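**Student:** One structure coming up, written as structure tokens, with questions to follow.
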Amino acid sequence: MLKRALALLAAGLMAACSTWAWAQVKELPWGTSAVGSAGHKALVSLADVLNREMPEYRVTVQPTPGAIVTVKGYATGKFEGYYGADIAFYELANDIKRFKGFKASMQRQPVQSFWVYTVEMGTAVHVRDKGKIKNWHDLAGKALFTGNPPWDTRAQLERAYEALGVKYEYRQVDLSAVGSLLQGGRIDGFGVYSNGEAGVPPWITEASLATDWAVVNPSADEIATLKKAGFAVFEQKPQVFNRDVHADKLVMLPFYYGFHVGMEVPEADVYRMLNVIEKNAAALNQADKSFSQIVKDMPGFQRRGVEAAANFVQIHPGLAKYMREKGVWDAKWDARVAKK
């Protein structure tokens, strides 16, 4: 009887310890873009690393129709992590476009905590139209899929076309059908992009198997107009797309994306998270080339991301601590560090 009682007591203690340990794990439902997108693919790789290296957290990848849904989801309490771009923070701060009227429903304010890569935006058409569509003004009146309505990639192209005065016909289509629709002439072109200057989203890879697309680069005059409007310009190598893009380069417009958490995650944990990511950057890049920029210079890339968004959204103190330690902090951002 004594042995049985001791065994039951031991089992009870083990169960209690297990329950206590379970209770210590903080769930992090982390929103990202749709399955098949670059954001979804990247967060799956990142979640694997964080769940292994930081077992006190459990990151679960939550696909949504687009990154903006995750920023809104965090602000209204649906997610604990979000996929935020500088263009989204710009719209939120100015109460415009996709965020117009949204502030009234916010329960908490997003902050920036980790910048992961740039997304470089361009435009593609079917190769049969390459001789007719030679620059972005020639896209006027054409039926284009620039991305799903919530996507920041679409917002970036929309801003660029607006700066040039180009009005086109938007077509919303299923990602899996983009290539076949272009091949069949149901759309005239689509927004093409790369991630981290090195990766390609799965849906574009899939579209490339169904059709032969050619990049349409903006003209020299259009590039000058875009630069004057505040756009950065990046020349991408065709080899990134593993196919013939029918040009010697792709002229693309980059913006910054990050996988962010809010002030519910303490300063010490965000600081540790950033060091974990830096330590595992090479492995992340092996799984997904989108991480190539943080492999080259993660501290410097955080500086570039903060520079792009500091006027629109506050900075997590864990990110500020990491950047100060790495020598990439600018004192002009001191007033932009978030406080509880």
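The values are calculated or read from the model by the stated rules, or taken from the named source; none is laboratory data. Source: prediction; values computed, not measured. For neighbour counting, all protein chains shown are included, and Cβ atoms are generated from backbone atoms with ideal geometry for every residue, glycine included. When the accessible area is computed, the model is the full protein with side chains, heavy atoms only, and any ligands, DNA or RNA have been set aside. Shrake-Rupley method; radii C 1.70, N 1.55, O 1.52, S 1.80 Å.
**Student:** Could you go through the range 43-50 and let me know if any residue there is under 29 Å from A232 (Cβ atoms) and in contact with a Ser or Thr (Cβ under 7 Å, 6 or more places away or on another chain).
**Tutor:** Within the range 43-50, one or more residues are under 29 Å from A232 (Cβ atoms) and in contact with a Ser or Thr (Cβ under 7 Å, 6 or more places away or on another chain).
**Student:** I need every pair where a residue in the range 236-251 that is free of Cβ contacts under 8 Å to residues at least 60 places away in the same chain has its Cβ under 6 Å from the Cβ of a residue that is in a helix (DSSP H, G or I) and open to solvent by less than 90 Å² (accessible area, probe 1.4 Å), sequence separation at least 6 or different chains.
**Tutor:** R243/S208
**Student:** Residues that are surrounded by 14 or more Cβ atoms within 10 Å (Cβ to Cβ) and touching a residue at least 60 places away in the same chain (Cβ under 8 Å): list the strands (runs of 3 or more DSSP E) wholly contained in the range 74-184 that include at least 3 such residues. If you could, list the steps in order and put the result at the bottom.
**Tutor:** Numbers: elements: 81-85, 115-126, 143-145.
Per the criteria, 81-85, 115-126.
**Student:** How many residues, within the range 62-73, are open to solvent by less than 50 Å² (accessible area, probe 1.4 Å) and assigned to a helix (DSSP H, G or I)? Break it down into steps so the answer makes sense when it comes.
**Tutor:** Taking the range 62-73 first, the residues open to solvent by less than 50 Å² (accessible area, probe 1.4 Å) are 64, 66-71, 73.
Now restrict to residues that are assigned to a helix (DSSP H, G or I): 67-71, 73.
Of the residues in that region, 6 qualify.
**Student:** P238 passes all but one of (1) closer than 23 Å to S37 by Cα; (2) touching a helix residue (DSSP H, G or I) at 6+ places or on another chain (Cβ under 9 Å); (3) surrounded by fewer than 16 Cβ atoms within 10 Å (Cβ to Cβ); which number fails?
**Tutor:** (2)
**Student:** A further question follows. In the range 48-65, what residues are aliphatic (A, V, I, L, M) and over 14 Å from the mean Cα position of the chain (by Cα)?
**Tutor:** Those that are aliphatic (A, V, I, L, M) and over 14 Å from the mean Cα position of the chain (by Cα): V49, L50, M54, V59.
**Student:** A follow-up question, please. Failed condition for W203, given (1) more than 24 Å from D297 (Cα to Cα); (2) open to solvent by 10 Å² or more (accessible area, probe 1.4 Å); (3) touching a Leu at 6+ places or on another chain (Cβ under 7 Å), with all others met?
**Tutor:** Just one mismatch for W203, condition (2).
**Student:** Also, I was wondering about something else. Criterion first (at negative phi, assigned to a helix (DSSP H, G or I), open to solvent by 10 Å² or more (accessible area, probe 1.4 Å) and among the aliphatic types (A, V, I, L, M)) does V306 satisfy it?
**Tutor:** Working: at negative phi: yes; assigned to a helix (DSSP H, G or I): yes; open to solvent by 10 Å² or more (accessible area, probe 1.4 Å): no; among the aliphatic types (A, V, I, L, M): yes.
It is false that V306 is at negative phi, assigned to a helix (DSSP H, G or I), open to solvent by 10 Å² or more (accessible area, probe 1.4 Å) and among the aliphatic types (A, V, I, L, M).
**Student:** What number of residues within the range 14-40 satisfy the criterion of being at pLDDT 95 or above, in a helix (DSSP H, G or I) and open to solvent by 60 Å² or more (accessible area, probe 1.4 Å)?
**Tutor:** Count: 0.
**Student:** Now for a separate question. Within the range 259-291, can you find the residues that are open to solvent by 10 Å² or more (accessible area, probe 1.4 Å), farther than 25 Å from Y193 by Cα and hydrophobic (A, V, I, L, M, F, W, C)?
**Tutor:** Listed by number, the residues that qualify are M263, A268, M273, V276.
**Student:** So, one more: Does R108 satisfy being within 22 Å of V192 (Cβ to Cβ), among the basic types (K, R) and within 25 Å of the chain's Cα centre (by Cα)?
**Tutor:** no
**Student:** Here is a list: K97, K134, K142. Which entry is of a type in the set (D, E, K, R) and out of contact with any strand residue (DSSP E or B) (no Cβ under 8 Å at 6 or more places or on another chain)?
**Tutor:** On the way: K134 fails: out of contact with any strand residue (DSSP E or B) (no Cβ under 8 Å at 6 or more places or on another chain); K142 fails: out of contact with any strand residue (DSSP E or B) (no Cβ under 8 Å at 6 or more places or on another chain).
Criteria check complete, one pass: K97.
**Student:** Same structure again: Please work out which one of (1) free of Cβ contacts under 8 Å to residues at least 60 places away in the same chain; (2) open to solvent by less than 50 Å² (accessible area, probe 1.4 Å) is the condition K321 fails and give its number.
**Tutor:** Among (1) free of Cβ contacts under 8 Å to residues at least 60 places away in the same chain; (2) open to solvent by less than 50 Å² (accessible area, probe 1.4 Å), K321 violates only (2).
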